[in-house]
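The values are calculated or read from the model by the stated rules, or taken from the named source; none is laboratory data. All of these numbers come straight from a predicted model, not from anything done at the bench. Reconstructed Cβ throughout: ideal geometry from the backbone, glycine too, with neighbour counts over all protein chains shown.
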Amino acid sequence: MKAILPLFIFIDACGWEIIKDDPFCQTVAPNRRRLESVFGYSSACVPSILSGRWPDEHRNWCYFVYDPKHSPFRMLKALRWLPKAISSRRIVRRWLSKLVKVQLKFRGYFDLYNIPFEHISLFDFTEKKSPLRPRGMNRGPNIVDFLEESEIAYHVSDPARTETENFDAMLDDVKGGRIDFGFVYWPDLDGLLHRVGNQSPEISPKLRGYEERLRWLLDVAHEQYQEVRLYIFSDHGMANCDKLIDLKASIEKLPVRMGKDYAVVYDSTMARFWFFNEAAHRTVTEALRKIPDGAVMPDEELERLHCLFPDRYFGELIFLLHEGVLIVPSHMGERPIRAMHGYHPNEKHSYAALLSNQPEIPEEVTAIPHIYNLMVRDAVLAHERNGASGPPSAPEEDPIPVRRRMPQTKPEPETVTGFSACVRVPSLEGKNL
Ligand SMILES: [Zn+2]
(Lines give C-alpha, C1' and ligand atoms only; values in the text may rest on other atoms or scores of the structure.)
Protein backbone atom coordinates (compact mmCIF):
# COMPACT_ATOMS: atom_id res chain seq x y z
CA MET A 1 0.00 0.00 0.00
CA LYS A 2 1.28 3.44 -0.88
CA ALA A 3 1.28 6.38 1.51
CA ILE A 4 -0.33 9.31 -0.32
CA LEU A 5 -2.38 10.05 -3.42
CA PRO A 6 -3.04 13.72 -4.23
CA LEU A 7 -6.19 13.95 -6.33
CA PHE A 8 -6.99 17.22 -8.10
CA ILE A 9 -10.47 17.29 -9.62
CA PHE A 10 -11.09 20.21 -11.98
CA ILE A 11 -14.81 20.78 -12.58
CA ASP A 12 -15.13 23.52 -15.16
CA ALA A 13 -17.45 26.41 -14.20
CA CYS A 14 -18.30 24.91 -10.81
CA GLY A 15 -18.17 28.41 -9.33
CA TRP A 16 -18.68 29.54 -5.76
CA GLU A 17 -22.23 30.72 -6.45
CA ILE A 18 -23.10 27.32 -7.92
CA ILE A 19 -22.09 25.36 -4.82
CA LYS A 20 -22.22 27.78 -1.91
CA ASP A 21 -25.82 26.85 -0.99
CA ASP A 22 -25.55 23.27 -2.18
CA PRO A 23 -24.22 20.40 -0.05
CA PHE A 24 -21.92 19.45 -2.92
CA CYS A 25 -19.18 17.13 -1.65
CA GLN A 26 -19.76 18.27 1.93
CA THR A 27 -18.85 14.84 3.26
CA VAL A 28 -15.76 14.11 1.20
CA ALA A 29 -14.40 17.68 0.99
CA PRO A 30 -15.86 19.79 3.80
CA ASN A 31 -13.24 22.54 3.75
CA ARG A 32 -14.51 25.10 1.23
CA ARG A 33 -13.06 28.34 0.00
CA ARG A 34 -14.08 30.97 -2.54
CA LEU A 35 -11.27 31.75 -4.99
CA GLU A 36 -10.77 34.74 -7.25
CA SER A 37 -10.73 33.81 -10.91
CA VAL A 38 -8.50 35.18 -13.66
CA PHE A 39 -9.82 37.89 -16.00
CA GLY A 40 -10.55 36.29 -19.36
CA TYR A 41 -12.06 33.05 -20.58
CA SER A 42 -10.96 29.48 -20.08
CA SER A 43 -8.15 30.33 -22.52
CA ALA A 44 -6.71 32.41 -19.67
CA CYS A 45 -7.98 30.55 -16.59
CA VAL A 46 -6.88 27.01 -17.43
CA PRO A 47 -3.27 27.94 -18.33
CA SER A 48 -3.09 30.01 -15.11
CA ILE A 49 -4.11 27.02 -13.00
CA LEU A 50 -1.72 24.73 -14.86
CA SER A 51 1.25 27.08 -14.53
CA GLY A 52 0.67 29.00 -11.30
CA ARG A 53 1.27 32.20 -13.21
CA TRP A 54 -0.94 35.01 -14.55
CA PRO A 55 -1.72 36.04 -18.14
CA ASP A 56 0.86 38.87 -18.18
CA GLU A 57 3.48 36.24 -17.38
CA HIS A 58 2.45 33.21 -19.46
CA ARG A 59 0.77 35.16 -22.30
CA ASN A 60 -2.11 32.73 -22.78
CA TRP A 61 -4.99 35.17 -22.69
CA CYS A 62 -7.52 35.63 -25.50
CA TYR A 63 -7.53 33.51 -28.62
CA PHE A 64 -7.59 35.92 -31.54
CA VAL A 65 -5.32 38.97 -31.91
CA TYR A 66 -4.75 41.54 -34.64
CA ASP A 67 -1.54 40.43 -36.35
CA PRO A 68 -1.90 40.36 -40.16
CA LYS A 69 1.82 39.73 -40.66
CA HIS A 70 1.63 36.42 -38.85
CA SER A 71 -1.92 35.46 -39.74
CA PRO A 72 -2.12 31.82 -40.82
CA PHE A 73 -5.65 32.33 -42.14
CA ARG A 74 -5.00 34.02 -45.48
CA MET A 75 -6.27 31.00 -47.38
CA LEU A 76 -9.68 31.43 -45.76
CA LYS A 77 -10.18 34.89 -47.17
CA ALA A 78 -11.63 33.43 -50.37
CA LEU A 79 -14.57 32.18 -48.29
CA ARG A 80 -15.77 35.76 -47.78
CA TRP A 81 -17.96 35.32 -50.84
CA LEU A 82 -19.96 32.57 -49.18
CA PRO A 83 -23.48 33.68 -48.24
CA LYS A 84 -23.76 34.39 -44.53
CA ALA A 85 -26.50 31.77 -44.23
CA ILE A 86 -23.77 29.20 -44.90
CA SER A 87 -20.62 30.82 -43.54
CA SER A 88 -22.10 31.57 -40.12
CA ARG A 89 -23.60 28.12 -39.64
CA ARG A 90 -22.11 26.36 -36.67
CA ILE A 91 -21.78 23.02 -38.42
CA VAL A 92 -19.87 24.60 -41.33
CA ARG A 93 -17.60 26.45 -38.91
CA ARG A 94 -16.83 23.33 -36.90
CA TRP A 95 -16.01 21.32 -39.98
CA LEU A 96 -13.76 24.08 -41.29
CA SER A 97 -12.11 24.49 -37.87
CA LYS A 98 -11.13 20.82 -37.87
CA LEU A 99 -9.67 21.14 -41.35
CA VAL A 100 -7.73 24.29 -40.51
CA LYS A 101 -6.44 22.81 -37.27
CA VAL A 102 -4.91 19.85 -39.07
CA GLN A 103 -3.56 22.01 -41.88
CA LEU A 104 -1.90 24.47 -39.49
CA LYS A 105 -0.76 21.76 -37.06
CA PHE A 106 -2.34 23.46 -34.08
CA ARG A 107 -1.95 21.22 -31.03
CA GLY A 108 -4.46 22.69 -28.60
CA TYR A 109 -8.12 23.52 -28.79
CA PHE A 110 -9.04 25.40 -31.93
CA ASP A 111 -12.22 26.92 -33.25
CA LEU A 112 -12.84 29.56 -35.91
CA TYR A 113 -15.90 30.58 -33.95
CA ASN A 114 -17.72 33.34 -35.80
CA ILE A 115 -14.78 35.42 -37.08
CA PRO A 116 -15.90 36.85 -40.45
CA PHE A 117 -13.90 35.47 -43.38
CA GLU A 118 -13.72 38.96 -44.81
CA HIS A 119 -11.41 39.98 -41.96
CA ILE A 120 -9.91 36.69 -40.85
CA SER A 121 -6.54 37.33 -42.48
CA LEU A 122 -6.06 40.25 -40.07
CA PHE A 123 -5.88 37.88 -37.13
CA ASP A 124 -3.53 35.36 -35.60
CA PHE A 125 -4.50 32.62 -33.16
CA THR A 126 -2.54 32.65 -29.90
CA GLU A 127 -2.91 29.09 -28.64
CA LYS A 128 -1.04 27.01 -31.18
CA LYS A 129 0.13 24.56 -28.52
CA SER A 130 -2.00 22.91 -25.86
CA PRO A 131 -1.34 24.36 -22.40
CA LEU A 132 -2.34 20.94 -21.12
CA ARG A 133 0.67 19.26 -22.68
CA PRO A 134 4.35 19.34 -21.84
CA ARG A 135 5.93 22.60 -23.06
CA GLY A 136 2.45 23.71 -24.04
CA MET A 137 2.45 27.20 -22.55
CA ASN A 138 3.18 30.29 -24.62
CA ARG A 139 5.76 31.20 -22.02
CA GLY A 140 7.25 29.20 -19.14
CA PRO A 141 6.53 25.71 -17.80
CA ASN A 142 3.31 24.07 -16.61
CA ILE A 143 2.52 21.35 -14.06
CA VAL A 144 3.09 18.58 -16.60
CA ASP A 145 6.59 19.90 -17.28
CA PHE A 146 7.21 19.91 -13.54
CA LEU A 147 5.97 16.35 -13.08
CA GLU A 148 8.04 15.06 -15.98
CA GLU A 149 11.20 16.84 -14.89
CA SER A 150 10.73 15.58 -11.34
CA GLU A 151 10.00 12.06 -12.61
CA ILE A 152 6.78 11.87 -10.67
CA ALA A 153 4.34 9.24 -11.98
CA TYR A 154 1.12 11.05 -12.85
CA HIS A 155 -2.21 10.71 -14.51
CA VAL A 156 -3.80 13.69 -16.20
CA SER A 157 -7.10 13.66 -18.07
CA ASP A 158 -7.05 13.90 -21.82
CA PRO A 159 -9.51 16.59 -22.97
CA ALA A 160 -9.94 14.73 -26.23
CA ARG A 161 -11.77 12.06 -24.25
CA THR A 162 -15.20 12.19 -22.66
CA GLU A 163 -15.68 12.63 -18.93
CA THR A 164 -16.55 8.96 -18.57
CA GLU A 165 -13.51 7.81 -20.53
CA ASN A 166 -11.27 10.03 -18.47
CA PHE A 167 -12.83 8.80 -15.26
CA ASP A 168 -12.34 5.16 -16.24
CA ALA A 169 -8.72 5.81 -17.21
CA MET A 170 -8.01 7.50 -13.89
CA LEU A 171 -9.77 4.75 -11.97
CA ASP A 172 -7.58 2.24 -13.68
CA ASP A 173 -4.32 3.93 -12.70
CA VAL A 174 -5.53 4.46 -9.15
CA LYS A 175 -6.58 0.81 -8.89
CA GLY A 176 -3.09 -0.23 -9.89
CA GLY A 177 -1.52 2.16 -7.37
CA ARG A 178 0.70 3.32 -10.19
CA ILE A 179 0.63 7.07 -9.71
CA ASP A 180 1.79 9.67 -7.20
CA PHE A 181 -0.39 12.43 -8.61
CA GLY A 182 -3.82 12.53 -10.27
CA PHE A 183 -5.50 15.36 -12.17
CA VAL A 184 -9.02 14.91 -13.54
CA TYR A 185 -10.65 17.41 -15.87
CA TRP A 186 -14.45 17.44 -16.18
CA PRO A 187 -15.81 20.05 -18.64
CA ASP A 188 -19.45 19.05 -19.00
CA LEU A 189 -20.93 21.23 -16.25
CA ASP A 190 -19.65 24.30 -18.11
CA GLY A 191 -21.45 23.24 -21.28
CA LEU A 192 -24.64 22.54 -19.35
CA LEU A 193 -24.56 25.90 -17.56
CA HIS A 194 -24.00 27.81 -20.80
CA ARG A 195 -27.06 26.10 -22.18
CA VAL A 196 -29.51 26.15 -19.28
CA GLY A 197 -28.28 28.91 -16.95
CA ASN A 198 -27.23 28.86 -13.32
CA GLN A 199 -30.69 28.39 -11.82
CA SER A 200 -31.77 25.36 -13.82
CA PRO A 201 -33.14 22.21 -12.10
CA GLU A 202 -30.68 20.28 -14.30
CA ILE A 203 -27.70 21.45 -12.25
CA SER A 204 -28.36 19.53 -9.03
CA PRO A 205 -28.54 16.10 -10.74
CA LYS A 206 -25.27 16.91 -12.52
CA LEU A 207 -23.59 17.69 -9.19
CA ARG A 208 -25.04 14.50 -7.63
CA GLY A 209 -23.57 12.54 -10.53
CA TYR A 210 -20.14 14.03 -9.86
CA GLU A 211 -20.45 13.14 -6.16
CA GLU A 212 -21.24 9.55 -7.02
CA ARG A 213 -18.20 9.29 -9.29
CA LEU A 214 -15.99 10.86 -6.66
CA ARG A 215 -17.15 8.46 -3.95
CA TRP A 216 -16.34 5.56 -6.24
CA LEU A 217 -12.90 6.95 -7.05
CA LEU A 218 -12.17 7.55 -3.37
CA ASP A 219 -13.24 4.03 -2.39
CA VAL A 220 -10.86 2.57 -4.94
CA ALA A 221 -8.07 4.97 -3.93
CA HIS A 222 -8.38 4.04 -0.26
CA GLU A 223 -7.68 0.41 -1.15
CA GLN A 224 -4.29 1.40 -2.56
CA TYR A 225 -3.26 4.49 -0.62
CA GLN A 226 -3.24 5.21 3.11
CA GLU A 227 -4.17 8.84 2.56
CA VAL A 228 -5.98 10.58 -0.27
CA ARG A 229 -5.52 14.34 -0.40
CA LEU A 230 -8.56 15.54 -2.31
CA TYR A 231 -8.97 18.94 -3.97
CA ILE A 232 -12.03 19.77 -6.07
CA PHE A 233 -11.85 23.11 -7.82
CA SER A 234 -13.04 25.26 -10.69
CA ASP A 235 -11.71 28.01 -12.94
CA HIS A 236 -14.65 30.42 -12.81
CA GLY A 237 -18.39 30.56 -12.23
CA MET A 238 -21.25 31.30 -14.61
CA ALA A 239 -23.60 34.29 -14.94
CA ASN A 240 -26.99 34.24 -16.60
CA CYS A 241 -27.19 36.53 -19.61
CA ASP A 242 -30.42 38.49 -19.45
CA LYS A 243 -29.44 41.38 -21.68
CA LEU A 244 -28.06 41.33 -25.21
CA ILE A 245 -26.21 44.18 -26.84
CA ASP A 246 -25.40 44.59 -30.53
CA LEU A 247 -22.10 46.36 -29.96
CA LYS A 248 -20.88 45.59 -33.46
CA ALA A 249 -23.79 47.49 -35.03
CA SER A 250 -23.14 50.50 -32.77
CA ILE A 251 -19.47 50.63 -33.73
CA GLU A 252 -20.13 50.09 -37.42
CA LYS A 253 -22.40 53.15 -37.46
CA LEU A 254 -19.40 55.35 -36.67
CA PRO A 255 -17.48 57.12 -39.45
CA VAL A 256 -14.54 54.70 -39.12
CA ARG A 257 -13.90 51.46 -40.98
CA MET A 258 -12.89 48.04 -39.70
CA GLY A 259 -9.60 47.03 -41.33
CA LYS A 260 -8.81 50.58 -42.42
CA ASP A 261 -9.10 52.66 -39.27
CA TYR A 262 -9.23 50.00 -36.60
CA ALA A 263 -9.42 46.27 -35.94
CA VAL A 264 -11.55 44.60 -33.30
CA VAL A 265 -12.33 41.21 -31.86
CA TYR A 266 -15.79 40.95 -30.36
CA ASP A 267 -15.44 38.30 -27.68
CA SER A 268 -18.72 37.47 -25.98
CA THR A 269 -18.30 39.73 -22.94
CA MET A 270 -15.65 42.14 -24.12
CA ALA A 271 -14.39 43.86 -27.25
CA ARG A 272 -10.69 44.38 -27.91
CA PHE A 273 -9.64 47.18 -30.28
CA TRP A 274 -6.47 48.13 -32.16
CA PHE A 275 -6.34 51.58 -33.80
CA PHE A 276 -4.56 52.72 -36.96
CA ASN A 277 -5.06 56.46 -36.48
CA GLU A 278 -5.77 58.84 -33.64
CA ALA A 279 -9.17 59.90 -34.99
CA ALA A 280 -10.42 56.31 -34.90
CA HIS A 281 -9.09 55.90 -31.36
CA ARG A 282 -10.94 59.01 -30.24
CA THR A 283 -14.19 58.28 -32.11
CA VAL A 284 -14.50 54.69 -30.86
CA THR A 285 -13.49 55.56 -27.30
CA GLU A 286 -16.08 58.34 -27.12
CA ALA A 287 -18.78 56.03 -28.44
CA LEU A 288 -17.88 53.29 -25.95
CA ARG A 289 -17.99 55.70 -23.03
CA LYS A 290 -21.64 56.41 -23.81
CA ILE A 291 -22.63 52.74 -23.53
CA PRO A 292 -24.01 52.12 -20.02
CA ASP A 293 -23.68 48.31 -20.18
CA GLY A 294 -19.92 48.22 -19.90
CA ALA A 295 -16.74 50.18 -19.37
CA VAL A 296 -13.34 50.74 -20.90
CA MET A 297 -10.82 48.95 -18.70
CA PRO A 298 -8.23 51.39 -17.32
CA ASP A 299 -4.60 50.27 -17.55
CA GLU A 300 -4.27 50.36 -13.77
CA GLU A 301 -7.13 47.89 -13.45
CA LEU A 302 -5.72 45.60 -16.12
CA GLU A 303 -2.38 45.72 -14.35
CA ARG A 304 -3.98 44.84 -11.02
CA LEU A 305 -5.61 41.84 -12.73
CA HIS A 306 -2.26 40.83 -14.29
CA CYS A 307 -3.69 41.33 -17.78
CA LEU A 308 -1.85 44.45 -18.93
CA PHE A 309 0.41 43.72 -21.88
CA PRO A 310 2.85 46.57 -22.57
CA ASP A 311 3.09 45.57 -26.25
CA ARG A 312 -0.73 45.72 -26.52
CA TYR A 313 -0.60 42.34 -28.19
CA PHE A 314 -4.14 41.45 -27.08
CA GLY A 315 -5.65 44.87 -27.79
CA GLU A 316 -5.00 48.56 -27.20
CA LEU A 317 -8.39 49.15 -25.65
CA ILE A 318 -10.52 46.61 -23.78
CA PHE A 319 -14.22 47.31 -23.39
CA LEU A 320 -15.77 44.97 -20.81
CA LEU A 321 -19.48 44.43 -20.26
CA HIS A 322 -21.16 44.29 -16.89
CA GLU A 323 -22.17 40.86 -15.62
CA GLY A 324 -25.22 39.48 -17.38
CA VAL A 325 -24.82 41.46 -20.62
CA LEU A 326 -23.79 39.58 -23.75
CA ILE A 327 -22.51 40.82 -27.11
CA VAL A 328 -24.73 39.31 -29.82
CA PRO A 329 -23.76 38.76 -32.52
CA SER A 330 -20.09 38.53 -31.64
CA HIS A 331 -17.05 36.93 -33.17
CA MET A 332 -17.70 34.04 -30.80
CA GLY A 333 -21.26 33.34 -31.82
CA GLU A 334 -24.08 34.51 -33.99
CA ARG A 335 -26.84 33.73 -31.51
CA PRO A 336 -27.44 34.24 -27.77
CA ILE A 337 -26.46 31.80 -25.10
CA ARG A 338 -28.21 31.45 -21.73
CA ALA A 339 -25.20 32.05 -19.52
CA MET A 340 -21.59 33.13 -19.84
CA HIS A 341 -18.39 33.83 -17.94
CA GLY A 342 -15.53 36.19 -18.75
CA TYR A 343 -16.80 39.19 -16.81
CA HIS A 344 -14.78 41.14 -14.27
CA PRO A 345 -13.32 38.73 -11.69
CA ASN A 346 -14.97 40.74 -8.91
CA GLU A 347 -18.49 40.25 -10.32
CA LYS A 348 -20.60 37.95 -8.16
CA HIS A 349 -20.71 34.95 -10.47
CA SER A 350 -17.08 35.07 -11.54
CA TYR A 351 -15.69 33.47 -8.40
CA ALA A 352 -14.30 29.95 -8.50
CA ALA A 353 -14.32 27.42 -5.65
CA LEU A 354 -11.91 25.10 -3.90
CA LEU A 355 -13.16 22.16 -1.82
CA SER A 356 -10.84 19.86 0.07
CA ASN A 357 -10.63 17.13 2.66
CA GLN A 358 -7.49 18.84 3.95
CA PRO A 359 -8.35 20.75 7.11
CA GLU A 360 -5.79 23.43 6.43
CA ILE A 361 -5.42 25.21 3.13
CA PRO A 362 -2.67 27.87 3.29
CA GLU A 363 -4.10 31.34 3.73
CA GLU A 364 -2.27 32.64 0.69
CA VAL A 365 -4.37 30.39 -1.57
CA THR A 366 -6.86 33.05 -2.65
CA ALA A 367 -6.95 32.84 -6.47
CA ILE A 368 -7.01 30.05 -9.02
CA PRO A 369 -3.32 30.26 -10.06
CA HIS A 370 -2.48 29.31 -6.45
CA ILE A 371 -3.92 25.83 -7.04
CA TYR A 372 -0.67 25.15 -8.89
CA ASN A 373 1.26 25.57 -5.62
CA LEU A 374 -0.94 22.97 -3.93
CA MET A 375 -0.38 20.59 -6.84
CA VAL A 376 3.41 20.94 -6.67
CA ARG A 377 3.49 20.67 -2.89
CA ASP A 378 1.39 17.52 -2.77
CA ALA A 379 3.03 15.87 -5.78
CA VAL A 380 6.45 16.27 -4.15
CA LEU A 381 5.16 15.06 -0.79
CA ALA A 382 3.53 11.97 -2.33
CA HIS A 383 6.58 11.21 -4.44
CA GLU A 384 8.84 11.33 -1.39
CA ARG A 385 6.55 9.34 0.87
CA ASN A 386 5.49 6.79 -1.72
CA GLY A 387 9.08 6.18 -2.74
CA ALA A 388 9.63 4.45 0.59
CA SER A 389 6.98 1.91 -0.24
CA GLY A 390 8.83 0.73 -3.34
CA PRO A 391 8.45 1.37 -7.02
CA PRO A 392 5.00 1.32 -8.56
CA SER A 393 3.89 -2.15 -9.46
CA ALA A 394 3.87 -2.87 -13.17
CA PRO A 395 0.46 -2.94 -14.77
CA GLU A 396 -0.67 -6.42 -15.51
CA GLU A 397 -2.38 -5.71 -18.70
CA ASP A 398 -3.02 -2.09 -18.95
CA PRO A 399 -3.07 -0.29 -22.24
CA ILE A 400 -2.78 3.04 -20.45
CA PRO A 401 0.70 4.26 -19.71
CA VAL A 402 1.45 5.31 -16.18
CA ARG A 403 2.67 8.68 -17.28
CA ARG A 404 -0.25 9.97 -19.09
CA ARG A 405 0.45 12.80 -21.47
CA MET A 406 -1.94 15.61 -21.49
CA PRO A 407 -4.51 16.21 -23.92
CA GLN A 408 -3.99 17.26 -27.34
CA THR A 409 -7.41 18.57 -27.93
CA LYS A 410 -10.31 19.60 -25.92
CA PRO A 411 -13.61 17.86 -26.12
CA GLU A 412 -16.00 18.92 -28.75
CA PRO A 413 -18.40 21.43 -27.44
CA GLU A 414 -21.83 20.41 -26.81
CA THR A 415 -23.13 23.64 -28.06
CA VAL A 416 -26.77 23.52 -28.56
CA THR A 417 -27.32 27.18 -28.82
CA GLY A 418 -25.08 27.73 -31.75
CA PHE A 419 -22.95 30.03 -29.69
CA SER A 420 -19.75 28.33 -29.96
CA ALA A 421 -18.50 29.90 -27.34
CA CYS A 422 -17.03 29.58 -24.35
CA VAL A 423 -14.04 30.91 -25.68
CA ARG A 424 -12.00 28.26 -24.77
CA VAL A 425 -12.59 25.24 -23.23
CA PRO A 426 -14.02 23.06 -25.31
CA SER A 427 -17.25 22.05 -24.15
CA LEU A 428 -18.98 25.02 -25.19
CA GLU A 429 -16.18 26.53 -25.73
CA GLY A 430 -16.74 23.85 -26.87
CA LYS A 431 -16.73 25.01 -24.19
CA ASN A 432 -14.01 27.12 -24.10
CA LEU A 433 -14.78 30.39 -23.97
ZN1 LIG B 1 -17.46 28.09 -20.58
Exercise. Can you give me the number of residues within region 349-382 that are touching a residue at least 60 places away in the same chain (Cβ under 8 Å) and either in a helix (DSSP H, G or I) or of a type in the set (Val, Ile, Thr) (or both)?
Key: 19
Exercise. Only helices (runs of 4 or more DSSP H) wholly contained in region 1-83 count here; list those with 3 or more residues that are in contact with a strand residue (DSSP E or B) (Cβ under 9 Å, 6 or more places away or on another chain).
Key: 16-19, 42-51
Exercise. Could you tell me which of the residues Gly294, Gly237 is within 16 Å of the ligand (Cβ to nearest atom), among the small types (Gly, Ala, Ser) and modelled with pLDDT of 95 or more?
Key: Gly237
Quiz item: Could we say that Arg208 is under 29 Å from Cys241 (Cβ atoms) and either of a type in the set (D, E, K, R) or at pLDDT 95 or above (or both) here?
Solution: yes
Quiz item: Which one is nearest to Arg133 (Cα to Cα) among residues in region 61-91 that are among the β-branched types (Val, Ile, Thr) and modelled with pLDDT of 70 or more?
Solution: Val65
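Every residue in region 1-43 that is basic (Lys, Arg) and more than 28 Å from Lys175 (Cα to Cα), please.
Of the residues in region 1-43, the ones basic (Lys, Arg) are 2, 20, 32-34.
Residues satisfying the conditions are Lys20, Arg33, Arg34.
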Quiz item: When only residues in region 12-36 that are within 12 Å of the ligand (Cβ to nearest atom) and over 11 Å from the mean Cα position of the chain (by Cα) count, which is nearest to Ala367 (Cα to Cα)?
Solution: Gly15
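Please verify whether region 14-25 includes one or more residues that are at positive phi and of a type in the set (A, V, I, L, M, F, W, C).
Initial filter on region 14-25 (at positive phi): 25.
Keeping just the survivors that are of a type in the set (A, V, I, L, M, F, W, C) gives 25.
Yes: region 14-25 contains one or more residues that are at positive phi and of a type in the set (A, V, I, L, M, F, W, C).
Being over 30 Å from Pro68 (Cα atoms) and surrounded by 20 or more Cβ atoms within 10 Å (Cβ to Cβ) is the filter here, so list the residues in region 118-151 that pass it. Working first, answer last.
Initially, region 118-151 is screened for residues over 30 Å from Pro68 (Cα atoms), giving 143-151.
Of everything in region 118-151, those that are over 30 Å from Pro68 (Cα atoms) and surrounded by 20 or more Cβ atoms within 10 Å (Cβ to Cβ) turn out to be Ile143, Val144, Phe146, Leu147.
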Exercise. Could you look through region 314-360, keep only residues that are acidic (Asp, Glu) and under 19 Å from the mean Cα position of the chain (by Cα), and pick out the one that is farthest from Asn240 (Cα to Cα)?
Key: Glu347
Quiz item: Can you tell which of Asp235, Asp261 is over 25 Å from Phe8 (Cα atoms) and either crowded, with 22+ Cβ neighbours inside 10 Å or in contact with a helix residue (DSSP H, G or I) (Cβ under 8 Å, 6 or more places away or on another chain) (or both)?
Solution: Asp261
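Any residue in region 273-280 that is buried (at least 18 other Cβ atoms within 10 Å of the Cβ), on the phi < 0 side of the Ramachandran plot, among the aliphatic types (A, V, I, L, M) and over 24 Å from the mean Cα position of the chain (by Cα)? Show your work before the answer.
Let us first name the residues in region 273-280 that are buried (at least 18 other Cβ atoms within 10 Å of the Cβ), namely 273-275, 280.
Among the residues that remain, those that are also on the phi < 0 side of the Ramachandran plot are: 273-275, 280.
Applying the additional criterion that residues be among the aliphatic types (A, V, I, L, M) yields 280.
Still in the list and also over 24 Å from the mean Cα position of the chain (by Cα): 280.
Within region 273-280, one or more residues are buried (at least 18 other Cβ atoms within 10 Å of the Cβ), on the phi < 0 side of the Ramachandran plot, among the aliphatic types (A, V, I, L, M) and over 24 Å from the mean Cα position of the chain (by Cα).
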Self-check item: Subset of region 188-206 [within 16 Å of Ala353 (Cβ to Cβ) and within 14 Å of the ligand (Cβ to nearest atom)]
Solution: Leu189, Asp190, Leu193, Asn198
Practice problem: Please find, within region 316-363, the residue that is farthest from the ligand (Cβ to nearest atom) out of those that are of a type in the set (Gly, Ala, Ser) and crowded, with 19+ Cβ neighbours inside 10 Å. | Solution: Ser356
Quiz prompt | Conditions (1) over 29 Å from the mean Cα position of the chain (by Cα); (2) more than 24 Å from Gly333 (Cα to Cα); number of the one not met by Leu254 | solution = (2)
